[in-house]
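Trainee: Questions regarding the structure given below will be posed in turn.
The values are calculated or read from the model by the stated rules, or taken from the named source; none is laboratory data. All values reported here derive from a predicted model rather than from experimental measurement. Counting neighbours? That spans all protein chains shown, and the Cβs are built from the backbone with ideal geometry, glycine included.
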Amino acid sequence: MDSLVIHFLGTGGGRHTMSTQRRRTAGIRLVNGRNNIHIDPGPGALVHSIYAGLTPLKLDGIVVTHCHPDHYTDAECLIEAMTQGTTRKKGVLAAAKSVIDGNEETDRSISRYHQKLVSTVTRLIPKSITKIGSVSFQAVEALHGDPDSIGLIIDDGEHGKIGYTSDTELIPSLIEAYSGLRLLIACTMWPKGERLEGHLNTDDALQLIKEVKPKCVVTTHYGFRLLNADPLKEAKWLGEESGIPVFSATDGMRVTLNDEILIQGSKKSDEPIM
Ligand SMILES: [Zn+2]
Ligand SMILES: [Zn+2]
């Protein structure tokens with residue numbers, strides 16, 4: 001059985017973290033033996049994938065959860081790479097409706113020209129399922145500034161279900177949607193005690209974790225206030241309060257799913273954690 005590896009190419013979220021690159025905003029790369037998929041390629045996705053040795057030429061899918069720049073700006077560059085410099089009609093673009101068509105708030109985030117370069121364009125509408133190779137992406141309702149925002153349940157049929165909240169407030173439907181996960185990737189923008197409309201803070205993350213009881217949790221997508229509060233401390237608190245292992249993502253961190261879940265920092269000297 002091949003492993004499923006989740007590369008946290010970026011762990012920053014929101015305007016201020018993006019503008020300063022205090023944490024990168026390059027999104028997540030998912031790699032198993034057969035598929036190579038980029039999720040939420042914000043600014044830096046192209047450059048940091050190449051620096052990490054994950055060539056975008058091998059991509060077979062790009063997934064974008066909503067129309068905010070920290071989630072989509074490098075998508076067109078990655079489409080050009082995925083299609084071998086626009087020479088081969090190839091790959092899947094699966095994205096929120098706002099990203100594909102625009103909505104009452106915004107124009108489309110990815111040009112019609114780029115949408116025509118890929119083999120398949122799918123709109124991620126809550127409860128819909130899109131397959132990219134062996135990996136399925138089920139869209140989950142989200143409540144965020146972009147009304148078409150969605151979260152994801154990712155399943156390659158071999159390594160257990162992975163939830164990715166993307167940007168959302170804690171709404172009751174998340175509890176049912178994210179139950180039964182092996183790994184929850186929680187985008188926690190702000191720290192405990194500080195509330196931000198349309199986002200999870202650490203208190204919301206705790207409530208969600210206690211309700212859905214995943215086997216393991218990784219927090220990511222940090223705004224300035226959470227970075228100031230220290231993501232490590234916030235994750236430690238979440239782990240103590242919930243009794244579930246919670247890890248704070250760092251730029252370049254890899255999570256490998258096999259019989260066990262292995263977490264490794266970006267440096268060669270970083271000891272893996274089981
Ligand atoms: Zn965001
Ligand atoms: Zn957003």
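Trainee: Tally time: how many residues in the stretch 114-143 are within 16 Å of ligand 1 (Cβ to nearest atom) and either basic (Lys, Arg) or over 14 Å from Val64 (Cα atoms) (or both)?
Mentor: Step one: of the stretch 114-143, the residues within 16 Å of ligand 1 (Cβ to nearest atom) are 124, 140, 142-143.
Then drop every residue that is not either basic (Lys, Arg) or over 14 Å from Val64 (Cα atoms) (or both), which leaves 143.
Result for the stretch 114-143: 1.
Trainee: Scan the stretch 4-49 for residues that are more than 12 Å from ligand 1 (Cβ to nearest atom), more than 24 Å from Leu124 (Cα to Cα) and of a type in the set (Val, Ile, Thr) and report the count.
Mentor: 2
Trainee: Being in a loop (DSSP other than H, G, I, E, B), among the charged types (D, E, K, R) and surrounded by fewer than 23 Cβ atoms within 10 Å (Cβ to Cβ) is the filter; apply it to the stretch 157-195 and report the residue that is modelled with the lowest pLDDT. Let's see the steps before the verdict.
Mentor: From the stretch 157-195, those in a loop (DSSP other than H, G, I, E, B) are 157-161, 165-172, 178-182, 191-195; that's our starting set.
Filter again for among the charged types (D, E, K, R), leaving 158, 161, 167, 169, 182, 192, 194-195.
In the following step, the residues that additionally are surrounded by fewer than 23 Cβ atoms within 10 Å (Cβ to Cβ) were identified as 158, 161, 169, 182, 192, 194-195.
Numbers: Glu158: 94, Lys161: 98, Glu169: 97, Arg182: 98, Lys192: 96, Glu194: 94, Arg195: 90.
The extreme case among them is Arg195.
Conditions tested, residue by residue: (1) at pLDDT 95 or above; (2) away from ligand 2 (no atom under 16 Å from the Cβ); (3) part of a helix (DSSP H, G or I).
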site	(1), (2), (3)
Glu197	no, no, no
Gln207	yes, yes, yes
Lys210	yes, yes, yes
Leu226	yes, no, yes
Glu234	yes, yes, yes
Glu241	yes, yes, yes
Val255	yes, yes, no
Asp259	no, yes, no
Asp270	no, yes, no
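Trainee: Would you mind stating whether Thr165 is polar (S, T, N, Q) and free of Cβ contacts under 8 Å to residues at least 40 places away in the same chain?
Mentor: Details: polar (S, T, N, Q): yes; free of Cβ contacts under 8 Å to residues at least 40 places away in the same chain: no.
No.
Trainee: Can I ask one more? Looking only at residues that are more than 16 Å from Thr168 (Cα to Cα) and in contact (Cβ under 8 Å) with a residue 60 or more places away in the chain in the stretch 50-75, which one is nearest to ligand 1 (Cβ to nearest atom)?
Mentor: Ranking the qualifying residues of the stretch 50-75, first place goes to Val63.
Trainee: Looking only at the stretch 234-263, count every residue that is within 13 Å of Ile185 (Cα to Cα) and among the acidic types (Asp, Glu) and tell me the total.
Mentor: Count: 0.
Trainee: Here's something else I'd like to know. Any idea which of Ile125, Ile132 is in contact (Cβ under 8 Å) with a residue 40 or more places away in the chain and closer than 20 Å to Ile62 by Cα?
Mentor: Working: Ile125 fails: in contact (Cβ under 8 Å) with a residue 40 or more places away in the chain.
Exactly one of Ile125, Ile132 is in contact (Cβ under 8 Å) with a residue 40 or more places away in the chain and closer than 20 Å to Ile62 by Cα, namely Ile132.
Trainee: Could you check, for the stretch 239-248, whether at least one of its residues is without any contact (Cβ under 8 Å) to a residue 24 or more places away in the chain, touching a strand residue (DSSP E or B) at 6+ places or on another chain (Cβ under 8 Å) and more than 21 Å from Lys213 (Cβ to Cβ)? Show your work before the answer.
Mentor: Applying the first criterion (without any contact (Cβ under 8 Å) to a residue 24 or more places away in the chain) to the stretch 239-248 yields 239-240, 243.
Narrowing the set further to residues that are touching a strand residue (DSSP E or B) at 6+ places or on another chain (Cβ under 8 Å) leaves 239.
Filter once more, so that each one left must be more than 21 Å from Lys213 (Cβ to Cβ): none.
There is no residue in the stretch 239-248 that is without any contact (Cβ under 8 Å) to a residue 24 or more places away in the chain, touching a strand residue (DSSP E or B) at 6+ places or on another chain (Cβ under 8 Å) and more than 21 Å from Lys213 (Cβ to Cβ).
Trainee: Within the stretch 21-36, does at least one residue satisfy the condition of being touching a helix residue (DSSP H, G or I) at 6+ places or on another chain (Cβ under 8 Å), over 17 Å from Thr250 (Cβ atoms) and within 15 Å of ligand 2 (Cβ to nearest atom)?
Mentor: Of the residues in the stretch 21-36, the ones touching a helix residue (DSSP H, G or I) at 6+ places or on another chain (Cβ under 8 Å) are 22-27, 29, 36.
When the remaining residues are screened for being over 17 Å from Thr250 (Cβ atoms), the result is 36.
Within this subset, residues satisfying the condition of being within 15 Å of ligand 2 (Cβ to nearest atom) are none.
Among the residues of the stretch 21-36, not one is touching a helix residue (DSSP H, G or I) at 6+ places or on another chain (Cβ under 8 Å), over 17 Å from Thr250 (Cβ atoms) and within 15 Å of ligand 2 (Cβ to nearest atom), which makes the answer no.
Trainee: While we're on this one: Would you please name the residue that is nearest to the chain's Cα centre (by Cα), looking only at residues in the stretch 38-50 that are buried (at least 24 other Cβ atoms within 10 Å of the Cβ) and away from ligand 2 (no atom under 16 Å from the Cβ)? Spell out the reasoning first.
Mentor: Of all residues in the stretch 38-50, those buried (at least 24 other Cβ atoms within 10 Å of the Cβ) come to 38-42, 45, 49.
Subset that is away from ligand 2 (no atom under 16 Å from the Cβ): 38, 49.
Details: His38: 9, Ser49: 14 Å.
Here the residue is His38.
Trainee: State yes or no: is Val92 within 16 Å of ligand 2 (Cβ to nearest atom), of a type in the set (A, V, I, L, M) and either over 17 Å from Thr250 (Cβ atoms) or touching a Ser or Thr at 6+ places or on another chain (Cβ under 7 Å) (or both)?
Mentor: On the way: within 16 Å of ligand 2 (Cβ to nearest atom): no; of a type in the set (A, V, I, L, M): yes; either over 17 Å from Thr250 (Cβ atoms) or touching a Ser or Thr at 6+ places or on another chain (Cβ under 7 Å) (or both): yes.
No; evaluated as a whole, the condition is false for this residue.
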